[in-house]
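First the structure, in the form of structure tokens, and then the observations on it.
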Amino acid sequence: MTGLLSPATPSGATSAAAALAGAFCWTLATLLWRRIPGTLTANQLNLCKTLLAFLVQLPFLAVVQWPPGQGQALLLLALSGVVGIAWGDSLFFGALRRLGTRRSLTLTAGGPAVTALAGLVTLGERLHPPQWLGIGLIGLAVALVAHQTPDREEQGSPSPPWAGLALALAAMACGSAGALLARSALRTGEVPTLLAATVRLGAASLVLAPGLSQLAGVLDQRRWRTLPWPSMGVATLLGTNLGILLQQMALAGLPGGLAVALLSTSPVMALPFAHLEGDRPGARGLMAALAATAGVTLVAGLGN
């Protein structure tokens, strides 16, 4: 529980394991989110999962050690939640509906490089050449997986519109900026992981709150009966609650670029589940898995 309820900086190995576990949770959550019908808009879907996740974590604040003199760090975490969760997740959900899973993942695969470069400029972090190689291999693996043969539901889809391309690129930028802001707040090791995650979710929920009136209108129209609430709840707990906690642990103990690189292995982890969606990874999928394994080895082994 060290670092979860009380201030502490996890080790590099623990942070790397947390990042990979977070990626796996997001993989499972994504499999569930993709089955949600289009009854809700991207913003409404993001509001549902963010608010639910915040309410789940809220009671635990009573047992969290609140660090003194960390107002600036908490402000950075709140801003990270607004940019990375409220804006980034809404943009990504919108991109998924316009481009499909693989095109969206291709465009957002540049997140690790963007975060690493931003960390160099703003945080003074330094990466060794093998670490850069590891980030590059992970990005290559994500791109290869994203370019696999489309799923059955995506076959025959039209070329992606410019609106979808812009949404995916904006989602990548917001995700990278949110991770960098969180890293800036957590690098001192004074803010417990659970508190950091809850602050991010609370800030995101506050920004998304104006959409509650429209969401209430959807519920009044009895369309709520068509929503798979159990699947949405499990996806929220896995991808948002547990996923963000693991993400905070990764960001607290690793440079931003390395943490985001490991967290970006979700598309590769989805390979064993490809048959559930009619995918056949083939040689390209195997190449992606090998590239990801090599990349993770370089990043995790040299991240301390």
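Rule-based calculations on the coordinates, nothing more; no lab input. Predicted, not measured: the structure shown is a model, and the values here were computed from it. Glycine gets a Cβ as well: all are built from the backbone with ideal geometry, and neighbour counts include every protein chain shown.
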Checklist outcome for this item: Given 127-137, 205-215, the highest-first ranking by average Cβ count within 10 Å works out to 127-137, 205-215
Next on the checklist: Highest mean first, how do 284-291, 72-79, 42-49, 264-271 rank when packing is the count of other Cβ atoms within 10 Å averaged over residues?
Outcome noted: 264-271, 42-49, 72-79, 284-291
Checklist entry - Using a simple spin-label model with points 7 Å from Cα along the Cα→Cβ vector, what separation in nm is obtained for residue 72 and residue 34? => result 4.3
Checklist entry - Points 7 angstrom from Cα along the Cβ direction at residue 283 and residue 169: gap in nanometres? => result 3.3
Checklist entry - So, by mean Cβ neighbours within 10 angstrom, what's the order for 59-70, 233-244 with the highest one leading? => result 233-244, 59-70
